[in-house]
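First up is the structure itself, then whatever we jot down about it.
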Protein chains: 2
Amino acid sequence: MKQTTTNKAPETARSAVGRDGVLDIAARLFREQGYGSVSLRKIAEAAGIKAGSIYYHFGSKDEIVAAVLDAGIQVVHASMRDAITALPADTDGETVLRAAIRAHLRALLDVSDYTSANVRIFGQVPQSVRDANLPTRRAYEAEWDSLLSQLKKDGTLKQDVDVRRLRLMLIGTLNATLDWFDPDRGSADALSRTYADVFLNGILQRQDT
Amino acid sequence: MKQTTTNKAPETARSAVGRDGVLDIAARLFREQGYGSVSLRKIAEAAGIKAGSIYYHFGSKDEIVAAVLDAGIQVVHASMRDAITALPADTDGETVLRAAIRAHLRALLDVSDYTSANVRIFGQVPQSVRDANLPTRRAYEAEWDSLLSQLKKDGTLKQDVDVRRLRLMLIGTLNATLDWFDPDRGSADALSRTYADVFLNGILQRQDT
DNA sequence: TCGTTTACCTAACAGTCGTTAGTTAGGCGC
DNA sequence: GCGCCTAACTAACGACTGTTAGGTAAACGA
């Protein structure tokens, strides 16, 4: 999603940001300021070009924001899938779930302006743009449901958990972190361990010690 | 926060919505559509008046949205405090925490457009408006920290929980519900029980059966 | 009955928005 | 050297924004 200029770096005009560069900048601004406060003129200025020039790369503002949203899910989806497929086949369920949580949180907080922009602005964009992002979202949700269902079947999770509800709760909790996370107070990885501890074992002091 | 017309119902002009009525409508629109897409003209139209007339009741759009944000926290704060002070003094810690979770979720999902509007638009409003809402927020957060600290001290909670982090996680999780909650799929109270079960006991199948 | 207050109205302001049309200049293949 | 492609530019469009100034009509206290 980054990797501008596959070969020789164009440098045609002064700026040389190109389509990918504009998209990177749009994602960063959307993450920082939300959807409504980011105008095409702001994006253009940050990219060192003029507002009208954006229409050489994109057909509309909606097209930009839709591209940002899709890329955001694809990044976190790939991050989560890679994390769990990289584990040995006989890894226990708890470890797999911890890895998935860590991968999601990493993409959200450390790696990708696209993923954080998606979480931040999804609720602010026009309905049509939201709808266009839904298939990509559903694929990611299905990946989680598949993982959680398997963990339920193999006895890692309690048998009375509602997979869909648990997935909504999990992803909602992780995404909410974006509102208050401060890297100076602790890394995303440390936070993911806390999250996993709470979800897996709860916060209640247990009698059976 | 509702209760328009303490005594005789003005009915002066045609609409008779008044300041409180405009605020109610603004809160509803903000909850439904977010901050950026709700103009003063939309609020005015929904209230049956003209845009300029809003300036009789409020000095600016920021003043409206600030009033909505403050009321939103006050409603959920009162809901949560009332719920726990209504319990008998010797109520066990787990029950108190469950009551607090239920009260927050009720205010958010069932009772108040103000609370849901706050959660929805807080991240979208200008910095100055956010700052103005902070003292009210901090008071509510302090109430939670006080509750969680006491539960930790009396041994209800594990001794290694970080109160601040747990509070951020808890409220973040509850608020995230707003993005997907559908009353047709289950009540807010039923959902709050699921939340409490997960947070208190975790989702892991336990060996000690 | 008169003056004041309350709650609205109309009309316009300057600014910003997404978007479009037409133009320009550098680099590459032929 | 000529023509094309790429990536920008300028200038303007209509729509919409928050906001203001000044006017109006109904209700109320004296």
Seminar exercise, completed: If we ask which residues in the stretch A:173-189 are more than 8 Å from chain B (Cβ to nearest Cβ) and within 17 Å of A:ALA99 (Cβ to Cβ), their number turns out to be 4
Seminar exercise, completed: In the stretch A:4-39, anything aliphatic (A, V, I, L, M) and at pLDDT 50 or above is listed as A:ALA16, A:VAL17, A:VAL22, A:LEU23, A:ILE25, A:ALA26, A:ALA27, A:LEU29, A:VAL38
Exercise. Got at least one residue in the stretch A:181-190 being at pLDDT 95 or above, surrounded by 16 or more Cβ atoms within 10 Å (Cβ to Cβ) and aromatic (Phe, Trp, Tyr)?
Worked result: yes
For this session: Being more than 8 Å from DNA strand C (Cβ to nearest atom) and surrounded by 15 or more Cβ atoms within 10 Å (Cβ to Cβ) is the filter here, so list the residues in the stretch B:34-46 that pass it.
Result: B:GLY34, B:TYR35, B:GLY36, B:SER37, B:VAL38, B:LEU40, B:LYS42, B:ILE43, B:ALA46
Seminar exercise, completed: A:ALA103 passes all but one of the listed conditions (1) free of Cβ contacts under 8 Å to residues at least 40 places away in the same chain; (2) farther than 14 Å from A:ASN175 by Cα; the exception is number (2)
For this session: Would you check if there is a residue in the stretch A:67-74 being of a type in the set (Val, Ile, Thr) and within 16 Å of DNA strand D (Cβ to nearest atom)?
Result: no
For this session: Sort out which residues of the stretch A:55-72 are within 16 Å of DNA strand C (Cβ to nearest atom), in contact (Cβ under 8 Å) with a residue 40 or more places away in the chain and open to solvent by 30 Å² or more (accessible area, probe 1.4 Å), and write them in order of number.
Result: A:ASP62
Exercise. Hey, among the residues in the stretch A:21-41 that are within 14 Å of chain B (Cβ to nearest Cβ) and within 16 Å of DNA strand D (Cβ to nearest atom), which one's nearest to A:ARG120 (Cα to Cα)?
Worked result: A:GLY34
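The values are calculated or read from the model by the stated rules, or taken from the named source; none is laboratory data. What you see is a predicted model, and the numbers here were worked out from it, not measured in a lab. A quick note on method: Cβ atoms are made from the backbone with ideal geometry, for glycine too, and the neighbour counts reach across all protein chains shown. For accessibility, only protein heavy atoms count, side chains too; no ligands or nucleic acids. Shrake-Rupley method; radii C 1.70, N 1.55, O 1.52, S 1.80 Å.
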